[in-house]
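The values are calculated or read from the model by the stated rules, or taken from the named source; none is laboratory data. As the structure is a prediction and not an experimental result, all values here were calculated from the model. For neighbour counting, all protein chains shown are included, and Cβ atoms are generated from backbone atoms with ideal geometry for every residue, glycine included. We work out accessible area using only protein heavy atoms, side chains counted, and drop any ligands, DNA or RNA first. Shrake-Rupley method; radii C 1.70, N 1.55, O 1.52, S 1.80 Å.
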Amino acid sequence: MRKKNVVIEHVPVSGYAAEGKALARHDGKVIFIEGGVMPGDIVDVRLSKNKKDWAEGKAVHIHSYSDKRITPFCQHFGTCGGCKWQMMPYSLQLEYKQQQVADHLQRIGKLELPPMSPILGSAHTEHYRNKLEFTFSNKAYLTNEEVRALNGEIPVRPALGFHVPKLFDKVLDIQTCYLMQEPVNLIRNTIREYAIQHELSFYDIRLQEGWLRNLVVRLCTTGEIMVNLVIHHEDKENRVALLDHLLKTVPAITTLLYTINPKKNDSIFDLDPKVYFGKGYAEEKLEDFVFKIGPKSFFQTNTYQGEVLYKVTRDFAGLTGSEIVYDLYCGTGSIGIFVSRQARKVVGIELIKEAIDDARENAAMNQVDNAEFFAGDVVDICDDAFFAHHGQPDVIITDPPRAGMHEKLVNKLLEIAAPKIVYVSCNPATQARDLALLDALYTVEKVQPVDMFPHTHHIENVVLLKKRENNQQ
Ligand code: SAH
């Protein structure tokens with residue numbers, strides 16, 4: 001029974017589990033299935049894990065398709081890791097996300113829930129991202145159909161696109177991506193075409209050589225377009241020629257940077273992007289707040305839904321102008337700044353020092369003078385002396401990364417016992433775990449999922465917690 005490489009046939013897919021894996025029940029077991037299937041499909045699954053109560057595997061054959069399936073709009077669907085849920089109507093995607101939040105909060109959190117508000121869908125289901133990063137590779141990924149059509153003569157050709165999931169050295173050459181508005185496709189395709197024509201080398205990740213490495217494009221709702229080209233080493237003549245060609249072909253670019261990355265990894269965090277054209281950053285707006293975004297700054301990737309998310313957060317905080325608000329995991333301070341006019345004071349905390357520099361600059365740019373930002377680990381910074389010095393919080397807003405909050409921080413929040421906590425999460429599983437601990441002192445008052453990433457399984461969820469009446473001091 002526990003053997004590997006077992007194929008189970010004719011399994012009806014019934015739902016979704018965490019991380020976008022499809023789910024089926026078979027012989028009293030839960031099976032988690034990867035590989036582009038959706039509820040209603042009947043599939044054969046090759047198991048990679050086979051435990052007593054559950055198994056995991058990949059769909060190797062689809063016998064019949066769900067009648068709810070629709071035709072994906074992107075030519076790269078199925079190979080690209082980007083928008084794996086395109087075969088489902090958007091309304092159905094939202095249903096599964098809503099379900100997922102309820103499942104997690106009830107099953108992992110074992111929480112008593114108020115009626116959940118319906119998930120707020122994205123008005124833009126295409127072209128909703130404000131930032132994309134493409135990778136250059138000297139080895140394009142070829143689909144099975146391409147390989148077959150080539151009759152065994154497989155050429156090695158360069159690519160500029162997205163990494164293929166699980167294949168670290170292969171990049172899918174992207175022609176049209178629907179995640180961001182034009183001119184993103186024009187920018188990427190212009191650079192690729194020029195580079196191939198002029199025989200500029202694309203990076204080889206195995207050999208750690210080649211010139212062109214990454215291309216980052218940011219498009220703001222203000223119309224500003226920032227492009228950062230990452231190259232392995234300086235080659236002034238080719239660099240200037242390529243960047244000039246790009247500016248000439250795409251005059252809408254407002255800031256063009258290049259970054260030299262001789263390291264093994266792709267992170268530009270410890271590197272120094274150089275401005276080739278423009279002011280070196282872009283400006284984005286949420287309501288009438290302006291945010292300065294540099295090539296290394298973090299900003300919510302869906303601006304429209306970012307605004308929706310922050311409005312829900314501000315709403316849940318229920319501010320009247322007299323509150324001391326803490327903004328934990330504040331990034332570049334955007335939530336804190338967004339709520340600052342309704343608060344007496346905002347205290348933001350964030351691990352990355354550069355983000356705190358941005359937060360301070362953003363606050364100044366928006367004439368926010370009641371917000372202070374501190375760099376460091378929330379677990380270290382949030383001690384009694386810090387709260388005593390900056391004031392007992394009336395509302396704590398927390399927006400941790402996918403891993404959720406450190407248990408030490410959760411315990412500290414239980415000690416501090418602010419009347420309200422607004423928990424913004426990009427991972428309902430870890431949120432549920434944290435809420436279960438906070439349940440000792442807090443009840444869940446409101447739950448509002450927000451969809452930031454159509455056609456993906458990712459969910460953002462905002463929860464309002466209120467201190468229990470009988471614990472009020
Ligand atoms: N609230 C922000 C950013 C949320 S992303 C926004 O809406 O834009 C989560 C942030 O938590 C990241 O900026 C990350 O750098 C920060 N972070 C991760 N671990 C941390 C820790 N232990 N202490 C403080 N900040 C941390």
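What pairs come out if I take residues in the range 25-54 that are aromatic (Phe, Trp, Tyr) and pair them with residues that are in a loop (DSSP other than H, G, I, E, B) whose C-beta lies under 9 Å away, six or more apart or interchain?
Short answer, once both residue conditions are applied: Phe32/Ala17; Phe32/Lys21.
Counting just the residues of the range 439-459 that are part of a strand (DSSP E or B) and hydroxyl-bearing (Ser, Thr, Tyr), which one comes out surrounded by the fewest Cβ atoms within 10 Å (Cβ to Cβ)? Talk me through it step by step, then tell me what you get.
Going through the range 439-459, the residues part of a strand (DSSP E or B) turn out to be 442-450.
Those still in the list that are hydroxyl-bearing (Ser, Thr, Tyr) too: 442-443.
Numbers: Tyr442: 25, Thr443: 16.
Filtering first and then ranking leaves Thr443.
Considering the range 366-402 alone, what residues qualify as being farther than 22 Å from Leu464 by Cβ, in contact with a strand residue (DSSP E or B) (Cβ under 8 Å, 6 or more places away or on another chain) and open to solvent by 70 Å² or more (accessible area, probe 1.4 Å)?
Within the range 366-402, just Glu372 meets the criteria.
Can you list the strands (runs of 3 or more DSSP E) lying wholly within the range 289-375 that have 1 or more residues being within 22 Å of Pro273 (Cβ to Cβ) and within 11 Å of the ligand (Cβ to nearest atom)? Before you say what the answer is, go through the steps one by one.
Working: elements: 289-293, 324-328, 345-350, 371-375.
Of the strands (runs of 3 or more DSSP E) lying wholly inside the range 289-375, those with at least 1 residues that are within 22 Å of Pro273 (Cβ to Cβ) and within 11 Å of the ligand (Cβ to nearest atom) span 289-293, 345-350, 371-375.
Of (1) at pLDDT below 95; (2) open to solvent by 80 Å² or more (accessible area, probe 1.4 Å), His198 satisfies all except one. Which?
Failed condition: (1).
Residue by residue, here is whether (1) closer than 20 Å to Pro273 by Cα; (2) free of Cβ contacts under 8 Å to residues at least 40 places away in the same chain holds:
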| residue | (1), (2) |
| --- | --- |
| Tyr203 | yes, no |
| Gln208 | no, no |
| Val216 | yes, no |
| Ile231 | yes, yes |
| Lys236 | yes, yes |
| Val240 | yes, yes |
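Name the residue, out of Asp272, Asp244, that is within 22 Å of Glu361 (Cα to Cα) and surrounded by fewer than 16 Cβ atoms within 10 Å (Cβ to Cβ). Outline the logic, then answer.
Values: Asp244 fails: within 22 Å of Glu361 (Cα to Cα).
Unique residue meeting the criteria: Asp272.
When you go through (1) among the β-branched types (Val, Ile, Thr); (2) surrounded by 20 or more Cβ atoms within 10 Å (Cβ to Cβ); (3) assigned by TED's automatic domain parsing to the domain that holds Arg206 one by one for Val156, which number turns out not to apply?
Going through (1) among the β-branched types (Val, Ile, Thr); (2) surrounded by 20 or more Cβ atoms within 10 Å (Cβ to Cβ); (3) assigned by TED's automatic domain parsing to the domain that holds Arg206 one by one, Val156 breaks only (2).
Could you please let me know if Met87 is part of a loop (DSSP other than H, G, I, E, B), out of contact with any strand residue (DSSP E or B) (no Cβ under 6 Å at 6 or more places or on another chain) and in contact (Cβ under 8 Å) with a residue 24 or more places away in the chain? Before the answer, list the steps.
On the way: part of a loop (DSSP other than H, G, I, E, B): yes; out of contact with any strand residue (DSSP E or B) (no Cβ under 6 Å at 6 or more places or on another chain): yes; in contact (Cβ under 8 Å) with a residue 24 or more places away in the chain: yes.
Judged against the criteria, Met87 is a match.
Tell me yes or no: at least one residue of the range 261-272 is more than 16 Å from the ligand (Cβ to nearest atom), closer than 25 Å to Gln197 by Cα and in contact with a His (Cβ under 9 Å, 6 or more places away or on another chain).
For the range 261-272, residues more than 16 Å from the ligand (Cβ to nearest atom), closer than 25 Å to Gln197 by Cα and in contact with a His (Cβ under 9 Å, 6 or more places away or on another chain): present.
In the set Thr456, Thr430, which member is within 13 Å of the ligand (Cβ to nearest atom) and not hydrophobic (A, V, I, L, M, F, W, C)?
Working: Thr456 fails: within 13 Å of the ligand (Cβ to nearest atom).
Residue meeting the stated conditions: Thr430.
If I ask for residues that are of a type outside the set (A, V, I, L, M), open to solvent by less than 40 Å² (accessible area, probe 1.4 Å) and under 18 Å from the mean Cα position of the chain (by Cα), which ones from the range 110-124 would you list?
Once the filter is applied, which keeps residues that are of a type outside the set (A, V, I, L, M), open to solvent by less than 40 Å² (accessible area, probe 1.4 Å) and under 18 Å from the mean Cα position of the chain (by Cα), the range 110-124 yields Gly121, Ser122.
Here are Gly404, Gly348: which of them is closer than 22 Å to Phe269 by Cβ, of a type outside the set (Phe, Trp, Tyr) and not assigned by TED's automatic domain parsing to the domain that holds Asn261? Walk me through it before giving the result.
On the way: Gly404 fails: closer than 22 Å to Phe269 by Cβ.
After ruling out the rest, the residue left standing is Gly348.
Within the set of pairs 6+ apart or on separate chains, which have a first residue in the range 392-406 that is free of Cβ contacts under 8 Å to residues at least 60 places away in the same chain and more than 8 Å from the ligand (Cβ to nearest atom), a second that is assigned to a loop (DSSP other than H, G, I, E, B) and open to solvent by 10 Å² or more (accessible area, probe 1.4 Å), and C-beta atoms under 7 Å apart?
Correct list of pairs: Arg402/Cys426; Arg402/Asn427; Gly404/Asn427.
Answer with yes or no whether Ala436 is open to solvent by 10 Å² or more (accessible area, probe 1.4 Å), of a type in the set (Gly, Ala, Ser), out of contact with any helix residue (DSSP H, G or I) (no Cβ under 8 Å at 6 or more places or on another chain) and modelled with pLDDT of 95 or more. Reasoning before the result, please.
Values: open to solvent by 10 Å² or more (accessible area, probe 1.4 Å): yes; of a type in the set (Gly, Ala, Ser): yes; out of contact with any helix residue (DSSP H, G or I) (no Cβ under 8 Å at 6 or more places or on another chain): yes; modelled with pLDDT of 95 or more: yes.
For Ala436, the condition - open to solvent by 10 Å² or more (accessible area, probe 1.4 Å), of a type in the set (Gly, Ala, Ser), out of contact with any helix residue (DSSP H, G or I) (no Cβ under 8 Å at 6 or more places or on another chain) and modelled with pLDDT of 95 or more - is met.
Whether any residue in the range 24-34 is surrounded by 17 or more Cβ atoms within 10 Å (Cβ to Cβ) and either polar (S, T, N, Q) or touching an Asp or Glu at 6+ places or on another chain (Cβ under 6 Å) (or both) is what I want to check.
yes
If you scan the range 426-451, which residues turn out to be in contact with a Gly (Cβ under 7 Å, 6 or more places away or on another chain) and of a type outside the set (D, E, K, R)?
Asn427, Thr430, Gln431, Ala432, Leu435, Ala436
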